[in-house]
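The values are calculated or read from the model by the stated rules, or taken from the named source; none is laboratory data. Just so it is clear, the model here is predicted, and its values are computed rather than measured. Cβ sites come from the backbone with ideal geometry, for glycine too, and all protein chains shown count toward neighbours. These area figures cover heavy atoms from the full protein model, side chains too; ligands, DNA and RNA do not enter into them. Shrake-Rupley method; radii C 1.70, N 1.55, O 1.52, S 1.80 Å.
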Amino acid sequence: MLIYIDSANIEEISKYQSYGFIDGVTTNPSLIAKAGIKPKNLKNHLSKICEIVKGLVSIEVYATNYEPMLQEAIEYSMIAKNIVIKLPCTEGGLRACKTLSGKNIKTNITLVFSPLQAMMAAKMGATIVSPFIGRVEDALFDGIELITQCREIFDNYDFETKILSASFRSNKQIAQIARIGSDIATVSPELLDTFIKHPFTDIGLEKFLKDAKIH
Ligand code: E4P
C-alpha cells in the first residue's frame, strides 16, 4: 500500500520524504490555510512540494462550477508532471474529471462518502478516488465498510482508479484498510509518527541492551 502524507507543510513533507516513508502528498484548502500559504504563493509552493516528492501531489481546486474548475485545473496541471487535480464529488467536479481525464490530466475525486460516489468517479476516469473514513465514522457510520464496498465494486469491474483512503482518526483504521486492499492511505504527520512505534519494542530493546550490558 502506498502511503501519502496529508499535509501542505514543506518542513513536514521534507522530513518524511528524507526518511523514505512517503510515496506522495495530498493537500486540501484547509491544509493549505493551516500551512499559512497565501493564494499568490500557492503555485510556487506546490512547485517546491513537487520537487521534493517524486510521487503524486494532489491540489484541490477552489472553484465550484465546471468551467472555472477546468480553468483552475489546467493552470495547476502545468506546475509539474506529478500534480493531481483534486475535485469534489459534485456534478461539476465529476464532469471536470471526465474532461481532464480525456486530456490525460491526473485527477483525484475527493469528499467521497458512499460506494456509488466512488463508482461514478471511476466511471469518469478519475486517477484516484478519496473516501473519507474518519468523517464517516465521526457521524457514527462504518468507514471501514465503505472501503470494503469500494474495493469490491472496483474489482468487479476492473476499474483502474486507485482507492486512496483518507481522513483517519487512528492507526488501527489504517491497518484495517490495508487488509482490505486500499491502494493508498493518506496520513497526517501525527499519525505517521505512530506507525513505527510500539511500547513493547522500546521495552524489548531496553532489556536486550541491559542483558548485553551495553547500557
Ligand atoms: C484527504 O485528502 C483529506 O485531505 C483528509 O484526509 C481529510 O481529513 P480530515 O477529515 O481529518 O480533515
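Filter the range 99-111 down to the residues that are away from the ligand (no atom under 14 Å from the Cβ) and either free of Cβ contacts under 8 Å to residues at least 24 places away in the same chain or not in a helix (DSSP H, G or I) (or both), then identify the one that is least open to solvent (accessible area, probe 1.4 Å).
Ile105
Residues being without any contact (Cβ under 8 Å) to a residue 60 or more places away in the chain and either within 15 Å of the ligand (Cβ to nearest atom) or open to solvent by less than 40 Å² (accessible area, probe 1.4 Å) (or both): count how many of those fall in the range 85-98.
Count: 9.
Pairs needed: first member in the range 124-135, open to solvent by 10 Å² or more (accessible area, probe 1.4 Å); second member anywhere, within 11 Å of the ligand (Cβ to nearest atom); C-beta distance under 6 Å; at least 6 residues apart or different chains.
Qualifying pairs under 6 Å: Phe132/Ala166; Phe132/Ser167; Arg135/Ser167.
How many residues, within the range 46-72, are within 16 Å of the ligand (Cβ to nearest atom) and open to solvent by less than 50 Å² (accessible area, probe 1.4 Å)?
The qualifying residues number 10.
Within the range 112-142, which residues are more than 14 Å from the ligand (Cβ to nearest atom), touching a Gly at 6+ places or on another chain (Cβ under 9 Å) and among the basic types (Lys, Arg)?
Correct list: empty.
Identify, please: which residue in the range 143-168 is over 12 Å from the mean Cα position of the chain (by Cα) and within 16 Å of the ligand (Cβ to nearest atom) and is, among those, surrounded by the fewest Cβ atoms within 10 Å (Cβ to Cβ)? Before you say what the answer is, go through the steps one by one.
Start the filter on the range 143-168 by keeping residues that are over 12 Å from the mean Cα position of the chain (by Cα), which leaves 143-161.
If we keep only those that are within 16 Å of the ligand (Cβ to nearest atom) too, we end up with 143-144, 146-147, 150, 161.
Working: Gly143: 24, Ile144: 18, Leu146: 25, Ile147: 26, Cys150: 29, Thr161: 23.
Per the stated criteria, the residue is Ile144.
Pull up the range 179-194, narrow it to residues that are in contact (Cβ under 8 Å) with a residue 12 or more places away in the chain and more than 16 Å from the ligand (Cβ to nearest atom), then point me to the one that is surrounded by the most Cβ atoms within 10 Å (Cβ to Cβ).
First, pick out the residues of the range 179-194 that are in contact (Cβ under 8 Å) with a residue 12 or more places away in the chain: 180-189, 191-192, 194.
Now drop any that are not more than 16 Å from the ligand (Cβ to nearest atom), which leaves 180-181.
Numbers: Ile180: 18, Gly181: 15.
If we take residues in the range 179-194 being in contact (Cβ under 8 Å) with a residue 12 or more places away in the chain and more than 16 Å from the ligand (Cβ to nearest atom), then Ile180 is surrounded by the most Cβ atoms within 10 Å (Cβ to Cβ).
Using beta carbons and a limit of 8 Å, which pairs, at least six apart or on different chains, have the first residue in the range 198-215 and modelled with pLDDT under 95 and the second one surrounded by 10 or more Cβ atoms within 10 Å (Cβ to Cβ) and not acidic (Asp, Glu)?
Sorted first by the residue in the range 198-215, then by its partner, the pairs are His215/Leu209.
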